[in-house]
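Okay, so here's the structure we're looking at.
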């Protein structure tokens, strides 16, 4: 690992989605890769996720979504901006169609991992992103 | 490439009579229509009736879903309709709830009131086709009330309506959005089930292994979980509600998830018929042959449909549909080409219904019943998956049964470990998936498919409509029915709430309101998310 401190990742399912399997599998392999995971589980609103991110001062926010209305993720990005927390990268995984994935990236999501993404690709992305963030000055939390 | 069953047993290059040595055809298999029903329940198989070829509908407003159902009828879906409910409704909270309004109509139909059911069914017959509404366990009693009331309003004999609108109380354990405590879910499921059985209504209740398996469970585990659920839930109806097993046996139906392990999927369904028949006869002392027959429907596995190169899913869907057909089932609904992206578009729905008709009408699969019987391999697999399932079933029994195993987290751990194992097998290349870890193409070259979507404005519109509509109801009548429901909900676990729920639904009480006061009567907050308070003075 490139940073001295363990990377701390918040993983949450957003909105009323009950599909937790993806979030649990990702949480598990991030821990196996030596990261600290704050797993919020299901039924989390954007407000709850931002609060937890502040309290836990996480490095990355990972959102699992199987919705067909991505407004919840947009709200999360807006809320992070409002709280001057835009430097925390938000990554998303789940069944997010291409056109919506592009719109979410434009909105401020740093990376979308579609179904069948490998654990290596996710771990490597987080490691390289957090490193970059450290170079530019880490947020206050 | 790994050559073993999805539950971890090595597969040999060839199978011979030695692999099924000791198998007694008459006793262990039997002809089609003969106990233990490995080969199905009808001597003439699909010649008596081809499986119901249907497709999931449900997205956005009731009116929009109604239009989709009418479209499906034009696409040849006339034997049965299948509608899935949206997220807020599954919980259930109403569309005008501060969180509900963000997701109304997402991933399903917002069926929160009788008004919405009336709009959904506008111009669509209640009889002559099966009516299936999927969603959550908590909503079961309310959905059953919709059927009872609409039949009455249309002057249709309730006994003529068939299908399924109620679901087992373990959904939320398996990734479904359902926010009632398990004990209350069980009580309400027993209420709706008892009502169905006592009134001889021809509506089934889904006691499914599909959610478990789609969340990562393997074939042997799925059988074990299914039998454990049936044993405990049907046992409660017999022992706590005093019903006769021979009547109760007509209640459940199973939705089996059929994945890409072609022969194993077929073996699984064959084994399930035998396991249920034995349990019915040996554990529940079933008197009739009919009571030894578990109705089985098939869902082609959404988990196997890839995001990458989605048109490949047409091939997967066809293979899985063929497996389901060969296995023998009463109905099939397909996860199809856009399953990893969105709810089915009209394009995907047509492909999917056509796939089923290609399988039923062009391949000859409906000519002969259980055509793989006697195959050394398939009979071996049937015995093997059953034997493995019985071992897992024993472990669940050792935990104290299904309810205890769920509460202890045993089932969840089993599911999570299996899901992780599957993920690792794919990442290591031991299991190959075209487009995902084999024959991969760059994302920018991937197929473009039509995507069905719900926008934030659609959800908001559903929410606003509900807010306005709620004010137009006969409020004194509604208050009276809600107050009665609250009183009745305090009368103890065995007091059947179905009649009071029907009254509240008839007065246009909504899902959030009805479940809210039941929650309160049981000492919980009116709102599962604890954001709004009860609008009634109960």
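The values are calculated or read from the model by the stated rules, or taken from the named source; none is laboratory data. Keep in mind that what you see is a predicted model, and the values were worked out from it rather than measured. Counting neighbours? That spans all protein chains shown, and the Cβs are built from the backbone with ideal geometry, glycine included.
In the list B:405, B:387, which residue meets the criterion of being surrounded by 14 or more Cβ atoms within 10 Å (Cβ to Cβ) and either within 14 Å of chain A (Cβ to nearest Cβ) or modelled with pLDDT of 95 or more (or both)?
Residue meeting the stated conditions: B:405.
Taking the residues in the range B:194-205 that are buried (at least 22 other Cβ atoms within 10 Å of the Cβ) and in contact with a strand residue (DSSP E or B) (Cβ under 7 Å, 6 or more places away or on another chain) as candidates, determine which candidate is nearest to residue B:169 (Cα to Cα). Don't jump to the end; show me each part of the working.
Here is the first cut: in the range B:194-205, the ones buried (at least 22 other Cβ atoms within 10 Å of the Cβ) are B:195-196, B:203-205.
Next, from what is left, pick out any that are in contact with a strand residue (DSSP E or B) (Cβ under 7 Å, 6 or more places away or on another chain): B:196, B:203-205.
On the way: B:196: 16, B:203: 17, B:204: 14, B:205: 11 Å.
Of everything passing the filter in the range B:194-205, B:205 is nearest to residue B:169 (Cα to Cα).
Just give me the residues in the range B:69-80 being surrounded by 21 or more Cβ atoms within 10 Å (Cβ to Cβ) and either in a helix (DSSP H, G or I) or within 14 Å of chain A (Cβ to nearest Cβ) (or both), in sequence order.
The initial filter retains those residues of the range B:69-80 that are surrounded by 21 or more Cβ atoms within 10 Å (Cβ to Cβ), namely B:69, B:72, B:77, B:80.
The answer is B:69, B:72.
Restricting the range B:144-195 to residues that are free of Cβ contacts under 8 Å to residues at least 40 places away in the same chain and within 17 Å of the chain's Cα centre (by Cα), which is nearest to residue B:85 (Cα to Cα)?
Looking at the filtered set, the residue picked out is B:165.
Return yes when residue B:177 is touching a strand residue (DSSP E or B) at 6+ places or on another chain (Cβ under 9 Å), surrounded by 22 or more Cβ atoms within 10 Å (Cβ to Cβ) and in a loop (DSSP other than H, G, I, E, B) and no when it is not.
Yes.
Residue-by-condition table, conditions (1) crowded, with 21+ Cβ neighbours inside 10 Å; (2) touching a strand residue (DSSP E or B) at 6+ places or on another chain (Cβ under 9 Å); (3) away from every other protein chain (no Cβ under 14 Å):
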| residue | (1), (2), (3) |
| --- | --- |
| B:159 | no, yes, yes |
| B:162 | no, yes, yes |
| B:166 | yes, yes, yes |
| B:183 | no, no, yes |
| B:192 | yes, yes, yes |
| B:211 | yes, yes, no |
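Residues that are more than 30 Å from residue B:199 (Cβ to Cβ), at least 3 per element: which helices (runs of 4 or more DSSP H) completely within the range B:231-332 meet that?
B:262-278, B:312-327
Considering only residues that are more than 9 Å from every other protein chain (Cβ to nearest Cβ) and either closer than 17 Å to residue B:179 by Cβ or without any contact (Cβ under 8 Å) to a residue 24 or more places away in the chain (or both), which ones fall in the range A:5-27?
A:5, A:12, A:13, A:14, A:27, listed by residue number.
Evaluate the following for residue B:339: is it over 21 Å from the mean Cα position of the chain (by Cα), under 26 Å from residue B:59 (Cβ atoms) and within 14 Å of chain A (Cβ to nearest Cβ)?
It is false that residue B:339 is over 21 Å from the mean Cα position of the chain (by Cα), under 26 Å from residue B:59 (Cβ atoms) and within 14 Å of chain A (Cβ to nearest Cβ).
Which one of A:31, A:48 is closer than 24 Å to residue A:79 by Cα and part of a helix (DSSP H, G or I)?
A:48
Going through the range A:63-114 one residue at a time, which ones are under 21 Å from residue A:24 (Cβ atoms), free of Cβ contacts under 8 Å to residues at least 24 places away in the same chain and within 12 Å of another protein chain (Cβ to nearest Cβ)?
Those that are under 21 Å from residue A:24 (Cβ atoms), free of Cβ contacts under 8 Å to residues at least 24 places away in the same chain and within 12 Å of another protein chain (Cβ to nearest Cβ): A:112, A:113, A:114.
Within the range B:332-367, which residues are surrounded by 16 or more Cβ atoms within 10 Å (Cβ to Cβ), over 16 Å from residue B:313 (Cα atoms) and out of contact with any strand residue (DSSP E or B) (no Cβ under 8 Å at 6 or more places or on another chain)?
B:365, B:366
Which one is farthest from the other protein chains (Cβ to nearest Cβ), of the residues in the range A:115-127 that are free of Cβ contacts under 8 Å to residues at least 12 places away in the same chain and assigned to a helix (DSSP H, G or I)?
A:124
Tell me whether the range B:434-453 contains one or more residues that are modelled with pLDDT of 95 or more, touching a strand residue (DSSP E or B) at 6+ places or on another chain (Cβ under 7 Å), outside any helix (DSSP H, G or I) and within 13 Å of chain A (Cβ to nearest Cβ).
Taking every residue of the range B:434-453 in turn, none turns out to be modelled with pLDDT of 95 or more, touching a strand residue (DSSP E or B) at 6+ places or on another chain (Cβ under 7 Å), outside any helix (DSSP H, G or I) and within 13 Å of chain A (Cβ to nearest Cβ).
Examine the range B:121-129 for a residue that is assigned to a helix (DSSP H, G or I), within 26 Å of residue B:159 (Cβ to Cβ) and more than 13 Å from chain A (Cβ to nearest Cβ), and state whether such a residue exists.
The answer is no; no qualifying residue exists.
Which residues, counting only those in the range B:36-49, are outside any helix (DSSP H, G or I) and surrounded by fewer than 18 Cβ atoms within 10 Å (Cβ to Cβ)? Walk me through it before giving the result.
Start the filter on the range B:36-49 by keeping residues that are outside any helix (DSSP H, G or I), which leaves B:36-44, B:48-49.
If the condition is that a residue be outside any helix (DSSP H, G or I) and surrounded by fewer than 18 Cβ atoms within 10 Å (Cβ to Cβ), then B:42, B:43, B:44, B:48, B:49 are the ones that fit.
For the range B:81-91, indicate whether the set of residues that are within 14 Å of chain A (Cβ to nearest Cβ), farther than 27 Å from residue B:298 by Cβ, outside any loop (DSSP other than H, G, I, E, B) and touching a helix residue (DSSP H, G or I) at 6+ places or on another chain (Cβ under 7 Å) is non-empty.
So far as the range B:81-91 goes, yes, one or more of its residues are within 14 Å of chain A (Cβ to nearest Cβ), farther than 27 Å from residue B:298 by Cβ, outside any loop (DSSP other than H, G, I, E, B) and touching a helix residue (DSSP H, G or I) at 6+ places or on another chain (Cβ under 7 Å).
Residue-by-condition table, conditions (1) away from chain A (no Cβ under 13 Å); (2) surrounded by fewer than 24 Cβ atoms within 10 Å (Cβ to Cβ); (3) on the phi > 0 side of the Ramachandran plot:
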position: B:57; (1), (2), (3): yes, no, no
position: B:60; (1), (2), (3): no, no, yes
position: B:67; (1), (2), (3): yes, yes, no
position: B:96; (1), (2), (3): yes, yes, no
position: B:99; (1), (2), (3): no, yes, no
position: B:104; (1), (2), (3): no, no, no
position: B:118; (1), (2), (3): yes, yes, no
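I need the full set of residues from the range A:86-110 which are at pLDDT 95 or above, in a loop (DSSP other than H, G, I, E, B) and out of contact with any helix residue (DSSP H, G or I) (no Cβ under 6 Å at 6 or more places or on another chain), in order please.
A:88, A:109, A:110
Which condition breaks for residue B:460 when tested against (1) more than 15 Å from residue B:188 (Cα to Cα); (2) in a loop (DSSP other than H, G, I, E, B)?
Condition (2) is where residue B:460 drops out.
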